[in-house]
1. Mind checking which aspartates and glutamates have their Cα closer than 14 Å to the Cα of residue A:127? Skip sequence neighbours fewer than 8 apart in that chain.
2. Quick one: what does P(r) look like for the range A:251-400 with 5 Å bins over all Cα pairs, in whole %?
3. Need one word for the range A:412-641: rounded, prolate or oblate. Basis is the Cα gyration tensor (sqrt eigenvalues a ≥ b ≥ c); a/c below 1.5 gives rounded, then a/b vs b/c decides.
4. List, in order, the whole-Hz ³J(HN,Hα) value for each residue of the range B:12-28 obtained from phi through the Karplus relation with A = 6.51, B = -1.76, C = 1.60 and θ = phi - 60°; use x for Gly and Pro.
5. Quote the relative contact order of chain A in percent (integer), defining contacts as alpha-carbon pairs under 8 Å separated by 6+ residues.
6. Taking the Cβ of residue A:165 as the centre, find all other residues whose Cβ is under 13 Å away and add up their charges (Lys, Arg: +1; Asp, Glu: -1).
7. Averaged over A:472-482, how many beta carbons belonging to a partner chain fall within 10 Å of each residue's beta carbon?
8. For residue B:124, which sequence-distant residues (separation of 5 or more, or a different chain) have an amide H within less than 5 Å of its own amide H, given hydrogens modelled in the peptide plane?
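What follows is calculated from the coordinates using simple rules that are stated; it is not laboratory data. If you're wondering where the values come from, they're calculated on a predicted model, not measured in any experiment. Cβ atoms come from the backbone with ideal geometry, glycine included; neighbour counts cover every protein chain shown.
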Amino acid sequence: MSTREFRDVRALSIAPDAQQMIEVARSEGIETVWDRLAAQQPQCGYCALGVSCRNCAMGPCRIDPFGAGPQKGVCGADADVIVARNLGRTIAAGSSAHSDHGRDILEVFAATAHGETTGYRITDEAKLMRLAAELGIATESRTTTAVAVELADLLMENYGTRRAALSFVERTPKVRQDLWDTLGVTPRGIDRESVEMLHRTHMGVDNDYVNILLHGLRTSLADGWGGSMIATELSDVMFGTPTPVVSTVNLGTLKPDMVNIALHGHNPMLSDVIVQAAEDPELIARAHELGAAGINLVGLCCTGNELLMRRGVPMAGNHLMQELAITTGALEAMVVDYQCIMPSVTDVAKCYHTVVISTSDKAKFPGAVHMSFDPSRGMEIGKDIVRRGVEAFADRNPSRVRIPVEPVQLMAGFSVEAILGALGGTPAPLVEAIADGRIRGAVGVVGCNNPKLTQDYGHVTLTRRLIENDILVLVTGCSAVANGKAGQMMPAAAAMAGPGLRATCEALGIPPVLHMGSCVDNTRILVLAAALANHLGVDISQLPLAGAAPEWYSEKAVAIGTYVVASGITTVLGVEPPIFGSRNVTGLLAGGLDDVVGAKFAVEADPEKAAVIIRRHIEAKRAALGLPALDLDAITAAVATA
Amino acid sequence: MKLVFVNPERCIGCLQCEFACAVEHSSSKSGTTAWAEEPVPRSRVHVDPGPVMGTSYPSRCRHCDPAPCQQVCPTSAITRDVEQDLVLVDPETCISCAMCAMVCPFDALTFHPVGVGAQMRTVAVKCDGCIDRVRRGETPACVEACKVGALVFGELNDLVAEGRLRGSGAVLAAVTAAEAGEDAVAEGPVATWRSWGAAASRVESAATTVGGGSR
């Protein structure tokens, strides 16, 4: 295959554990994501610009971006229509992924309310009651069960076609709701918007790129204020609303003398039961019998974030660490649910004693052991899965165990409830700190890893520059793991922040980078933004906020970026989305959209430059609100001379 | 002598070589922004459809020696880089008379604007063999982009030998088909191979006539 020389590992990742394990994989001839990316070079230029279409059998078609070749597909679609259709379908796929995750949680919640599950319960009854009251369900002198059943019914209706607007749209400022109504982008049904997008992008339906993009906003809003938000809220009700917790992160969380089981994927539904199952004395006794000191659970990706947030389970790594966790030779089992689990993990596992256990009937992996998850027998299946991992310890080859680093501490667990709790129950102290300029604003640094960029460099560098300049950073997903590994998420990291943010963090005992959860938990950032806007009586788009996805890769990230922008928060992407083949679509998303929803997209791969873009944006928003603001050109000049 | 060799039966018409060529000959060298440059960079490799649907041929300058285009150029704008053995056009001295295009056996020259601002003018544009890349020890952009081995870069005789080994099967199949009285031009890669061979012969005889050549 590829005869390329290996690139210096320092160009692939800034994380020492990743660098060391990539070297190990190379020395053992194990193929990783970076090798496959090299083999794919150069990647298709038409697809990268978004001008290829394979939606029908008159095609496939592509537009020649250089103008010499065809400018229309067989059906007559030009670059604008093709790019908009492709983007629309990407948003629909991302929105569907989050929303189907939300539906799975909702179904287990409903079954639990009906007493049909084992291993589940209503953990946060107060939150259940708060949610029910917020959504107009009577709670007065009613049983938890009755309220839960009615809430489940209402939220199931949010997935259908019977509503004019999703329930959680009410959380946004009235002015934003009116804007969405005027634009015709108020999300009505979670499934409906994705299905309608697939319809509209069928040949010969929506042939107006602006109209397609507007429905793209609506489809993403059905995720952000619908499917993802339901996933977050009901996970809190069932598994507990996160509160600040200190844990550890990186491949050093794997223990050489223990049975190591990694929980990988996105849905806390099964993994939360596994955490309970791993405490079973019989299973621990069996681990001892096999010579292990105990059972060590670690997280990977967002399943890991869910468990870290609520139970303090150590985090082994983010997206690009999944293959490398296996190459430590110390992993007995990788239990996967769905999303972002590379098909390659079973290939890497074949080189070791690691058992890959798939658990969702939606996500099967050739080479894995499939143990179908059934919430009515949750605990029993959880124990079976852990047992499988424990037994694999007998097959471990101790001479191949290489755990590269010592773990680093991080603080997680910052739900909106926890943040407001730290502030004394109201956003007022945060609003005051922002108003007087001690804190300039807040930025959600979120999203994935992408092997096209040096792993974690974008997340860590951008976050560092922002906190240095008194901007509070909220992280989720892979970004949280990257920042945790870099030591930027303990209260002591306040010393890295600018004087205003530092003082605030030290007074509250919190880090300057707050872990808000998994990628569906980006909705916590939306809720916090809406709460700030409502507190001030302004629209979300007027606040000194921004979003950033420095290393995004997935369709889900496109849905997130779009709902964040559609909610009024300008977002900077670190990887170019496949839209540049259309001048009109690019112009709209990077410019014209600002006049429509009060926010837009920017693309900047260099996190140093992205920090400048964001700082300028935040100061401009401050100035517009009449708050003390820095001179925009002074920011750029200061960075240029530094 | 190293050059780019074409295996037409392997071409799937993906146009990746055209894209990579245009980007390589842009100022930004970026696949994201090259198309927005003024003048728009143009591909110098041309994937033309074959006689049968689903077939295609990535045609580019063969860097002939002697090169008919070089022989007829009235302003000596076309020269040969001896070190890399590549035929190059100097846009400064080209007068766009199109004599080169008339005599090119492969119709590899096209005419497009180059330069910036007031200096911008239309001149003969053709494959430069990615001379900068080749000097750096890299393969030409079109070859790097080709995922199916339709464009390969290497020593001419090595590539011919490779093709001989691969082609022998096709020749035997074609001969067998002809003996069996089948219509060999009906379909499939063998048919493609044969029609390409016939076309190449026609081009060769035409070139000999035009160049008055002795090759």
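1. Cross-link targets: A:233, A:236, A:417.
2. 2, 11, 22, 26, 23, 13, 3, 0, 0
3. Numbers: a/c = 1.37, a/b = 1.22, b/c = 1.12.
It is rounded, given that a/c, with a ≥ b ≥ c, falls under 1.5.
4. Calculated HN-Hα couplings, in order: 9, x, 7, 6, 4, 5, 4, 4, 5, 5, 4, 5, 4, 9, 9, 7, 7 Hz.
5. On the way: 1365 pairs, mean separation 102.9, N = 642.
That works out to 16 percent.
6. That works out to +3.
7. The per-residue average across the peptide is 0.
8. Result for residue B:124 returns B:96.
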